[in-house]
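Structure first, commentary second.
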Amino acid sequence: MDRSVSIPTLLEIAPGAVDELGALLGGVAVDLERPLVGTGGEQTAGVAERASAQLPGATLLTGLVGDRAGVEALVGEIRAREATVCLAVGGGRVIDTVKHASAQTGVPFVSVPTALSHDGICSPIASLVGAEGRRESLAAVMPAAVVVDLDVVRAGPARATRAGAGDLLSNLTALQDWRLAAARGRDAFDGYSALIAEASAHAFLYLAGAAEELSLETLARGLVLSGLAMATAGTSRPCSGAEHLISHSLDALLREDARLHGEQVALGTLVAAEAHGGVPAELRAAYDSLGLPRRAADLGLDPAVVVEAVLGAPATRPERYTILDELDLSRDAVKALVARALDD
């Protein structure tokens, strides 16, 4: 089949990259005449100010929180200011807001993550909260450039980095679900994008517990490759299966009290792996090494909440066939599955 994939013109993963942003972007085909920099709250404002200082005439907008209303407001600002490029400096909520607004306006988007919390740093999909408080996955654009400052992400919350590790390792169960769906005639499987997603997860899996700098850089590269896998496939399938449906279900149950996406996905990955035949020893070892949640209590949750999430997971995306569609979803059976997977 014909395949056309947009990939970032620039990928820079290095210490001090934010303070070289002007020079880095000046070397690629990005119009820096009227840059607009979007960020979130106080935690990322300082980095966004440093980034803006590298771009003469840049407009800095704060308060992006990852909802549809914020996208609409940002679209208005982009058009009113005739922005030539939009930069997202922040975490997942900021990046998803800017990438979706860029998709609506046709203005190039640059991803400058301040945390490695999930694979949205380089993907064509935005996760946003709608008017009713429900999270939605929406089409967006691939970034024109990705700049990861290792000094910045290292200084960020360790919890966010662990969440990113959970999101990357979930590729392993997502791919099992994708292959299963293809075998049942419920989806088309693409070996090329699957290879990218699997290789990035395995590279990080086998480096879990390595020196911090190497592990952090491998995580950054893995999350970027996950985004590329989704872009190549034209679907989130390479990186999203039953474990993500469980996380979506937890979002619906917990609402404002939801944990970080990657933390919830990490728990969902253990449940999905157990459903596929058992959690591999090397995956449990990686969880221990990285400090990922092994039990519901690790996230301050009652195991009963996880059971409810698994029961409700298939309804979050009925069209996405996963191992959950082949399980006995009686409450007792799911309770036993969760107990085996999470050691609860």
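The values are calculated or read from the model by the stated rules, or taken from the named source; none is laboratory data. On a predicted model such as this, the values are computed, not experimentally measured, just so you know. Here the Cβ positions follow ideal geometry from the backbone for every residue, glycine too, while neighbour counts run over all protein chains shown.
Test of understanding: among ALA286, ALA315, which residue is surrounded by fewer than 18 Cβ atoms within 10 Å (Cβ to Cβ) and assigned to a helix (DSSP H, G or I)? Within the list ALA286, ALA315, the selection yields ALA315.
What about LEU207, is it in contact with a Ser or Thr (Cβ under 8 Å, 6 or more places away or on another chain), of a type in the set (A, V, I, L, M), surrounded by 21 or more Cβ atoms within 10 Å (Cβ to Cβ) and closer than 26 Å to ARG159 by Cβ? Judged against the criteria, LEU207 is not a match. Counted as qualifying within the stretch 50-166 are the strands (runs of 3 or more DSSP E) with 1 or more residues that are closer than 21 Å to ALA17 by Cα and either in contact (Cβ under 8 Å) with a residue 40 or more places away in the chain or over 15 Å from the mean Cα position of the chain (by Cα) (or both), namely 59-61, 85-90, 109-113, 145-149. With respect to the stated conditions, LEU55 is modelled with pLDDT of 95 or more, touching a Pro at 6+ places or on another chain (Cβ under 7 Å) and on the phi < 0 side of the Ramachandran plot.
Picking from residues in the stretch 1-45 that are crowded, with 17+ Cβ neighbours inside 10 Å and polar (S, T, N, Q), the one that is farthest from PRO157 (Cα to Cα) is THR39. Taking into account only those residues within the stretch 169-210 that are part of a loop (DSSP other than H, G, I, E, B) and among the aliphatic types (A, V, I, L, M), which is modelled with the lowest pLDDT? Here the answer is ALA210. With respect to the conditions (1) crowded, with 16+ Cβ neighbours inside 10 Å; (2) under 22 Å from THR105 (Cα atoms), ALA69 lacks only one, and its number is (1). Each residue in the stretch 231-283 was checked for being free of Cβ contacts under 8 Å to residues at least 40 places away in the same chain and either of a type in the set (Lys, Arg) or outside the structural domain of PHE189 (by TED's automatic domain parsing) (or both), and 0 of them qualify. What is the number of the single condition among (1) within 18 Å of ALA115 (Cβ to Cβ); (2) surrounded by fewer than 20 Cβ atoms within 10 Å (Cβ to Cβ); (3) out of contact with any Leu (no Cβ under 8 Å at 6 or more places or on another chain) that LEU150 does not meet? In the conditions (1) within 18 Å of ALA115 (Cβ to Cβ); (2) surrounded by fewer than 20 Cβ atoms within 10 Å (Cβ to Cβ); (3) out of contact with any Leu (no Cβ under 8 Å at 6 or more places or on another chain), LEU150 misses (3) alone.
Looking only at the stretch 25-49, residues that are more than 20 Å from PRO8 (Cα to Cα) and outside any loop (DSSP other than H, G, I, E, B) come to 8 in all. Residues that are of a type outside the set (D, E, K, R), more than 20 Å from PRO318 (Cβ to Cβ) and outside any helix (DSSP H, G or I) are absent from the stretch 237-255.
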